[in-house]
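Input: a single structure, listed below in structure tokens.
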Amino acid sequence: MPPWWLWIPITIAAAAAQTLRNATQRHLSTDLGTLGATLVRFLYGLPFAALWLLAVSLAGNYELPTIDGAFVGWLVLGALSQIAGTALLLRTMREQNFTIGVAYSKSEVMQVAVFGFAFLGDPLASTTVAAVVLGTLGVMLLTPVDRERPIRTLIGGLTTRSALLGLASGSSFAFSAVGYRGAALALEAPFLIAAACTLLGAQLLQTAVMSAFLRLYQPGLLTRVLRAWRTSLLAGLSGATASAGWFTAMAIEPVAHVRTLALIELLFSYVISRRVFGERFGRLQITGLLILIAGLVLVTRGPQ
């Protein structure tokens, strides 16, 4: 068994890699659009995922684990739920009141705690619940739908179409995280090789599904994605690095802990905004940052 704290630096490194991937994808989306930039994440991450599996197996002298129906089932749930979550989030952003929908999509962390407990038996200690609530509240205050009455506006907008789409997106991402952890646990192998196999399997499935979709409905876009390989490799590398970190951390630790600490990515983004762009934050954003930090500290306290 790995030391209990190992998931913490792995998750933080994954969040940093995801910050880089997001920045690269934003650049690519200008030329390839959202769907093209999303395919880049999977397609150009494939060779790096394969290399990571090879490196792990050789360095640890691991044999490839036996693939069974349980692994495939969890993997399909994780991979397809991630695609669905992305599609729902994009649909939410096209709504008239998309800000409320996006805010509700951030309930992923709370939902993943419930789903992890229900489907995988991950423990829900009082400190976990408190960290999840603090993390979610902090994120919502950082991107408020109404700076004067953020909580009241969220509650009042709960029954809107935008909010329901946002909640569905958060649920999809939560099921995705649970699916990936379930797949890694189903292999009953050392956590590194289990995570590496899960990563490669997910990237293969997602690449196949998205490529087939674009081949049928937007064949020209698929061609442009293939031609943009030079600028797409960085997105593939950073994306595969981030996913390797997430999958490895979730093979060690319950998904609620990992996804809560993963909110540190938002903290990275705000630090960059302050340092690089000189942006100033109001009292609400500062309060949100402090609440978020409290949640992050709480979730890293160790076994309770």
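The values are calculated or read from the model by the stated rules, or taken from the named source; none is laboratory data. Keep in mind that this is a model prediction, so the values were computed, not measured. Methodologically, a virtual Cβ is constructed for each residue, glycine included, from the backbone with ideal geometry; neighbour enumeration extends over all protein chains shown.
Structural remarks
- Residue pairs whose Cβ atoms lie under 9 Å apart, separated by 6 or more positions or on different chains, with the first residue in the range 258-279 and acidic (Asp, Glu) and the second modelled with pLDDT under 75 and surrounded by 15 or more Cβ atoms within 10 Å (Cβ to Cβ), are 279/270.
- When the residues of the range 185-205 are filtered to those that are small (Gly, Ala, Ser) and more than 16 Å from the chain's Cα centre (by Cα), the one that is modelled with the lowest pLDDT is 189.
Residue-by-condition table, conditions (1) in contact with a helix residue (DSSP H, G or I) (Cβ under 6 Å, 6 or more places away or on another chain); (2) more than 22 Å from residue 90 (Cα to Cα):
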| residue | (1), (2) |
| --- | --- |
| 4 | no, yes |
| 37 | yes, no |
| 53 | yes, yes |
| 56 | yes, yes |
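- Leading residue by the ranking (surrounded by the most Cβ atoms within 10 Å (Cβ to Cβ)) among those in the range 13-34 that are under 21 Å from residue 200 (Cα atoms) and at pLDDT 85 or above: 14
- Any hit, the range 229-239, residues being modelled with pLDDT under 90 and among the β-branched types (Val, Ile, Thr): yes
- Residues in the range 119-149 that are modelled with pLDDT under 75 and surrounded by fewer than 20 Cβ atoms within 10 Å (Cβ to Cβ): 6 in all.
- In the set (1) within 20 Å of the chain's Cα centre (by Cα); (2) at pLDDT 85 or above, the condition left unmet by residue 63 is number (1).
- Some residue of the range 2-9 being buried (at least 16 other Cβ atoms within 10 Å of the Cβ) and at pLDDT 90 or above: yes
- Residue in the range 216-227 that is crowded, with 19+ Cβ neighbours inside 10 Å and of a type in the set (S, T, N, Q) present: no
- Tabulated pairs, the range 171-185, first within 15 Å of residue 88 (Cβ to Cβ) and in contact (Cβ under 8 Å) with a residue 40 or more places away in the chain, second among the small types (Gly, Ala, Ser) and surrounded by 23 or more Cβ atoms within 10 Å (Cβ to Cβ), C-beta under 7 angstrom, 6+ apart or interchain: 176/78
- Only residues that are in contact with a Phe, Trp or Tyr (Cβ under 9 Å, 6 or more places away or on another chain) and small (Gly, Ala, Ser) were counted in the range 28-48, giving 0.
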